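The block underneath contains the structure these notes are about, expressed in structure tokens.
The values are calculated or read from the model by the stated rules, or taken from the named source; none is laboratory data. Here the structure is a predicted model, which is why all the values come from computation and not from measurement. Here Cβ is always computed from backbone atoms with ideal geometry, including for glycine, and neighbour counts include all displayed protein chains.
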Amino acid sequence: MTKIGIILGSTRPGRNGEAVAKWVLDLAQKHGGAEFELVDLLDYNLPHLDEAVPPSLGQYQQEHTKRWSATVASFDGYIFVTPEYNHSTSGALKNAIDFVYNEWNNKAAGFVSYGSAGGTRAVEHLRLIMGELQVADVRAQVALTLANDFENWSVFKPGAQHEATVKTLLDQVISWSTALATVRAAA
């Protein structure tokens, strides 16, 4: 069965992303069609990139990198839950992405973002990064605004209309992840 990782891209204390990621996981499990797993970057405690050899060579020396590599490699696709910090994604997510390379290749990704402008600028940057990693990003995107989908900018209360967009996102990520299995097998 296709396996999709829902990557929680914030490690900030008091982060809004945890509630968002759990909401996505709940909707994904109800949706079915794939196996879903929440991947919390806090559980990996990745320092600022500390591998001497470029990740494209796969010659990892650090145990935290080997553990992260195994996790990323175990999925057929991803849904990134990202905040928008200063018109981009979080440094923690960018750092985690940069730790490995081949493990991302020939897979699919979708995005759930949140911020004052729905996190859309963070996703713009992530789409460019995914292209370099040979990840096919899907069109559907869930953009949550702090003013409308969070009470007092901190208690997650998504509008009901977002559930339909999550469904479309899941359909696309599952479809593309499944289709790319033949590409991964040939590689």
Taking the range 138-187 and keeping only residues that are part of a helix (DSSP H, G or I) and β-branched (Val, Ile, Thr), one is left with 165, 166, 168, 173, 174, 178, 182, 183
From the option list 91, 110, 77, single residue qualifying as more than 24 Å from residue 3 (Cα to Cα), within 16 Å of the chain's Cα centre (by Cα) and among the small types (Gly, Ala, Ser) is 91
(1) touching a helix residue (DSSP H, G or I) at 6+ places or on another chain (Cβ under 7 Å); (2) within 29 Å of residue 150 (Cβ to Cβ); (3) not β-branched (Val, Ile, Thr) all hold for residue 75 apart from (1)
How many residues of the range 1-47 are touching a helix residue (DSSP H, G or I) at 6+ places or on another chain (Cβ under 6 Å) and not hydrophobic (A, V, I, L, M, F, W, C)? The answer is 7
Inset, instruction - Evaluate the following for residue 84: is it within 24 Å of residue 150 (Cβ to Cβ) and touching a Gly at 6+ places or on another chain (Cβ under 6 Å)? - result: yes
- Message: So, residue 151, is that one within 28 Å of residue 48 (Cβ to Cβ) and either among the β-branched types (Val, Ile, Thr) or at pLDDT 95 or above (or both) or not?
- Response: no
Considering only helices (runs of 4 or more DSSP H) wholly within the range 1-102, the ones with at least 2 residues that are among the small types (Gly, Ala, Ser), in contact (Cβ under 8 Å) with a residue 60 or more places away in the chain and within 27 Å of residue 181 (Cβ to Cβ) are 17-31
Only one of 87, 125 is at pLDDT 95 or above, surrounded by fewer than 20 Cβ atoms within 10 Å (Cβ to Cβ) and either among the hydroxyl-bearing types (Ser, Thr, Tyr) or within 19 Å of residue 173 (Cα to Cα) (or both), namely 125
Exception for residue 123 within (1) closer than 22 Å to residue 163 by Cβ; (2) in a strand (DSSP E or B) falls at (2)
Residue set 154, 116; condition closer than 17 Å to residue 23 by Cα, of a type outside the set (Phe, Trp, Tyr), touching a residue at least 24 places away in the same chain (Cβ under 8 Å) and loosely packed, with under 15 Cβ neighbours inside 10 Å; output residue 154
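Each row is one residue, and each column tells you yes or no for (1) in contact with a strand residue (DSSP E or B) (Cβ under 9 Å, 6 or more places away or on another chain); (2) modelled with pLDDT under 95; (3) surrounded by fewer than 13 Cβ atoms within 10 Å (Cβ to Cβ).
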position	(1), (2), (3)
39	yes, no, no
44	no, no, no
47	no, no, yes
54	no, no, yes
61	no, no, yes
66	no, no, yes
69	no, no, no
72	yes, no, no
